[in-house]
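These notes are about the structure you will find just below.
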Ligand SMILES: Nc1ncnc2c1ncn2[C@@H]1O[C@H](COP(=O)(O)OP(=O)(O)O)[C@@H](O)[C@H]1O
Ligand SMILES: [Mg+2]
């Protein structure tokens with residue numbers, strides 16, 4: 001039984017089709033990265049999975065339960081880490097966790113709290129009030145709170161959006177630890193590096209639907225080939241290179257100050273100037289090609 005099964009799911013807000021015929025299956029025990037640009041429909045999908053939003057159409061199963069009918073039971077077995085910090089700042093770290101442990105009817109509240117503190121590496125800060133914590137510790141506590149009832153499935157909606165690189169790295173370490181421990185994780189993100197580092201499989205989402213799905217290495221091979229060549233230079237020179245590639249039937253894209261040639265191993269050698277930078281194809285190449293959006 002897959003942890004999540006979505007078939008033909010649709011959700012509109014007035015004229016906006018936020019989720020548009022979405023099919024997504026998440027097997028147990030993997031971290032699936034739902035990678036898509038802003039507005040792709042990732043958060044709407046997450047909200048449908050938690051029962052906070054009701055789909056217009058489609059079949060939704062979470063841990064074998066039908067949504068929205070059994071949303072309450074499904075919700076009890078999943079951990080949700082919101083994008084925005086809504087911790088209770090007037091009480092201590094451990095009290096924040098204990099409230100949730102009781103809410104989720106953990107068999108032993110003290111044990112649940114200890115375990116969550118351990119995961120978030122906050123054991124030595126348990127008596128601190130939330131107001132005393134650094135930004136990174138608050139994010140770790142937010143994650144711990146979502147895990148306090150030892151959920152079978154963890155939903156992370158853009159877990160590191162807008163965070164400092166240092167805090168992001170701390171969270172990546174924690175998420176990687178969950179993954180290694182065998183949790184099933186659905187993590188939405190628009191950061192390619194986040195998906196690349198943490199996800200066993202990636203589903204690329206744009207305009208409300210999944211348009212590609214697979215292990216990062218397989219997606220790269222299928223959509224971007226083996227090598228990418230980047231050519232830097234003044235705009236008029238890049239324009240000339242671009243024309244020559246296009247004439248030869250090779251598509252190129254803008255890549256910041258450069259142009260990039262995907263599957264460069266198949267491009268005519270004489271078109272690639274000596275100063276070009278040759279690198280392994282990446283998930284970013286796939287993302288930009290499939291979504292038409294610049295990577296962040
Ligand atoms: N409650 C809402 N009311 C109106 N439009 C919404 C609402 N929630 C999301 N949308 C729209 O649906 C689309 C998908 O949004 P969202 O699921 O938040 O995307 P993502 O999380 O991938 O950035 C966007 O165009 C967004 O503006
Ligand atoms: Mg979102």
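Just so it is clear, none of the values below were taken in a lab; they were calculated from the coordinates. Computed from a prediction, not measured in an experiment: that's the story for all the values here. In this analysis, Cβ positions are derived from the backbone assuming ideal geometry, glycine residues included, and neighbour counts consider all displayed protein chains.
Quick notes on this structure:
- Taking only Cα atoms of region 72-150, radius of gyration then Dmax in Å: 11.5, 35
- Using R0 = 25 Å, the C-beta based FRET efficiency linking residue 123 and residue 73 works out to 0.20.
- Packing-based ranking of 160-167, 16-23, 267-274 yields 16-23, 160-167, 267-274, ordered from highest to lowest mean Cβ neighbour count within 10 Å.
- Folded to 0 to 90 degrees: helix 235-247 orientation relative to the chain principal axis, Cα: 80
- Angle between the chain longest axis and helix 93-103 axis [Cα atoms, degrees, rounded to 10]: 80
- Counting only Cα atoms, the size of the chain along its three principal axes is 69, 43, 34 Å, in decreasing order.
- Part-to-part distance (alpha-carbon centres) for region 110-155 and region 1-63, which is given in Å: 27
- Region 226-280, relative contact order [Cα under 8 Å, separation at least 6], %: 54
- Taking label points 7 Å from Cα along the Cα-to-Cβ direction, residue 176 and residue 280 give a separation of 1.5 nm.
- Per-selection metrics, region 30-116 (Cα): Rg and Dmax in Å: 15.5, 43
- Helix-only CD estimate at 222 nm, as mean residue ellipticity for the chain, using -39500 (n - 2.57) per DSSP H run (n ≥ 4): -10500 deg cm²/dmol
- Most simply put, the chain has about 65% antiparallel DSSP beta bridges, counting only bridges with both residues inside it.
- Principal-axis analysis of the Cα atoms of the chain puts helix 135-147 at an angle of about 70° to the longest axis.
- Region 157-224 shape via C-alpha gyration tensor axes, a/c threshold 1.5: prolate
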